[in-house]
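Input: a single structure, listed below in structure tokens.
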């Protein structure tokens with residue numbers, strides 16, 4: 001983390017104060033995001049500060065690897081990745097700075113939106129980024145925390161890895177906040193009885209197994225995919241892919257594997273036949289979520305997650321359709 005001299009010089013605290021970025025530097029950062037490739041002189045004109053002051057404002061941003069200064073101008077790094085890395089490092093180092101870090105993290109999406117909105121109309125945003133191994137855990141945590149869609153994982157062996165515990169915590173926290181997560185493991189996980197796998201299952205992750213899992217893969221809603229550079233490898237750099245067509249193809253691949261995978265007693269949050277029938281009967285009878293929660297002795301959040309999982313399993317979009325499809329399948 002860079003020195004805090006920028007804060008003292010600015011004399012004020014902005015959204016990025018927790019990362020050592022003062023108000024003047026934060027203001028300069030916004031202009032770099034909006035007008036990538038601009039010169040120091042153009043930033044001076046826009047901010048109303050002298051070129052020397054602008055260079056001083058940019059210095060902490062360069063030290064933090066938020067921007068890079070080249071002969072042709074000043075360019076921002078991908079805000080979501082660069083800021084996410086800094087936030088996670090600061091969170092580990094300063095546990096007493098939680099409030100300030102939360103404020104900074106809440107600005108990440110804003111910076112990314114400003115960056116994309118400020119690009120030239122004839123430019124297309126980069127949709128595939130190479131993620132070094134040392135930054136992988138930080139990037140994964142950021143994606144898990146900020147993705148609103150379903151989390152999907154192929155995990156042939158990650159429960160062995162040192163970073164696996166950090167991912168377990170991130171996923172269980174996301175599930176507790178209302179996210180849905182599905183994962184496919186190789187069948188050998190049954191004999192290994194992994195505490196990591198069971199902990200995620202207890203949190204509400206849906207688990208199935210296949211004889212073999214072909215590769216490591218993480219899908220974050222419809223936003224992004226994290227894949228190995230070479231299919232089937234277990235080490236090396238990762239590709240962060242945002243191109244919608246590739247993300248959709250990876251989701252389709254996962255769903256195809258999921259349809260062939262099987263549940264295992266003792267793993268996952270799948271409903272057994274009796275509990276599933278009881279839930280379907282209550283839904284068919286028009287019971288409200290609160291009534292179902294009281295009857296089944298579950299939290300309201302758990303009931304809603306199980307209803308969503310059941311609808312996904314039936315391949316329907318409404319509760320009425322769920323009832324019709326359940327009757328067709330002979331579940332009711």
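The values are calculated or read from the model by the stated rules, or taken from the named source; none is laboratory data. Please read all numbers here as calculations on a predicted model, not as lab measurements. Here the Cβ is made from the backbone with ideal geometry for all residues, glycine too, and neighbour counts use every protein chain on show.
Just a few scattered comments:
- Considering (1) surrounded by fewer than 16 Cβ atoms within 10 Å (Cβ to Cβ); (2) under 21 Å from residue 263 (Cβ atoms), the lone condition that residue 314 does not fulfil carries the number (1).
- Being modelled with pLDDT of 85 or more, in contact with a strand residue (DSSP E or B) (Cβ under 6 Å, 6 or more places away or on another chain), within 22 Å of residue 233 (Cβ to Cβ) and not assigned by TED's automatic domain parsing to the domain that holds residue 26 is a condition met by no residue of the stretch 159-179.
- Sub-7 Å Cβ pairs linking a first residue in the stretch 192-206 that is in the same structural domain as residue 157 (by TED's automatic domain parsing) and over 21 Å from residue 307 (Cβ atoms) to a second residue that is modelled with pLDDT under 80 and crowded, with 18+ Cβ neighbours inside 10 Å, at least 6 apart or interchain, are 194/159; 196/159; 197/159; 197/189; 197/267, ordered by first then second residue.
- Tally, over the stretch 135-158, of residues that are at pLDDT 80 or above and assigned to a helix (DSSP H, G or I): 12
- Scanning the stretch 276-292 for residues that are surrounded by 14 or more Cβ atoms within 10 Å (Cβ to Cβ) and part of a loop (DSSP other than H, G, I, E, B) yields one hit, 287.
- Any hit, the stretch 309-331, residues being in a loop (DSSP other than H, G, I, E, B), farther than 18 Å from residue 202 by Cα and in contact (Cβ under 8 Å) with a residue 24 or more places away in the chain: yes
- Pairs with Cβ under 7 Å, 6+ apart, first in the stretch 230-259 and under 15 Å from residue 151 (Cβ atoms), second at pLDDT 90 or above and in a loop (DSSP other than H, G, I, E, B): 247/222
- Taking the criterion of being free of Cβ contacts under 8 Å to residues at least 24 places away in the same chain, in contact with a helix residue (DSSP H, G or I) (Cβ under 9 Å, 6 or more places away or on another chain) and either surrounded by fewer than 16 Cβ atoms within 10 Å (Cβ to Cβ) or not assigned by TED's automatic domain parsing to the domain that holds residue 111 (or both), the residues of the stretch 53-84 that qualify are 65, 68.
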